[in-house]
1. Counting only residues that are assigned to a loop (DSSP other than H, G, I, E, B), touching a residue at least 12 places away in the same chain (Cβ under 8 Å) and of a type in the set (S, T, N, Q), which one in the stretch 9-42 is nearest to GLY63 (Cα to Cα)?
2. Can you pull out the residues in the stretch 44-53 that are in contact (Cβ under 8 Å) with a residue 24 or more places away in the chain and in a loop (DSSP other than H, G, I, E, B)?
3. Just to be sure I understand the filter: pairs with C-beta atoms under 9 Å, separated by 6 or more residues or on different chains, first member in the stretch 54-66 and at positive phi, second member among the hydroxyl-bearing types (Ser, Thr, Tyr) and open to solvent by less than 50 Å² (accessible area, probe 1.4 Å). Which pairs pass?
4. I'd like the full set of residues that are exposed (fewer than 10 other Cβ atoms within 10 Å of the Cβ), charged (D, E, K, R) and under 24 Å from LYS2 (Cβ atoms), limited to the stretch 27-72.
5. Of the residues that make up the stretch 59-68, is at least one among the β-branched types (Val, Ile, Thr) and in a loop (DSSP other than H, G, I, E, B)?
Amino acid sequence: SKTMIEAVVGLLMFVSGDLKEARIQDNMASCLRHKRQAERQYSANVRYQCWQGEAEIELNVDGSKSIKKIHVQ
């Protein structure tokens with residue numbers, strides 16, 4: 001699979017302070033909406049955050065993109 005660096009908006013999921021998942025969002029508004037939806041399923045040690053910045057993107061077989069690694073400044 002091909003990886004590249006792109007500027008993206010991502011919804012990040014932290015479990016006990018560790019980044020477990022990062023999903024690409026269309027824009028910040030859409031990210032905040034998904035964050036609110038995710039927070040309805042309350043879990044004590046799970047935290048969601050919308051993030052914008054550079055990420056290592058992986059192109060999936062079906063043409064969709066996923067965040068492989070975020071680049072925190």
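The values are calculated or read from the model by the stated rules, or taken from the named source; none is laboratory data. Bear in mind the structure is a predicted one, so any value in this text is a computation, not a measurement. Positions of Cβ are generated from backbone atoms using ideal geometry, with glycine treated the same way; all protein chains shown enter the neighbour counts. Please note that ligands, DNA and RNA were not included when accessible areas were found on the heavy atoms of the full protein model with its side chains. Shrake-Rupley method; radii C 1.70, N 1.55, O 1.52, S 1.80 Å.
1. Looking at residues that are assigned to a loop (DSSP other than H, G, I, E, B), touching a residue at least 12 places away in the same chain (Cβ under 8 Å) and of a type in the set (S, T, N, Q), I get ASN27.
2. Answer for the stretch 44-53, where residues must be in contact (Cβ under 8 Å) with a residue 24 or more places away in the chain and in a loop (DSSP other than H, G, I, E, B): just ASN45.
3. Note: no pairs meet the criteria.
4. Scanning the stretch 27-72 gives a single hit, ASP62.
5. The answer is yes; a qualifying residue exists.
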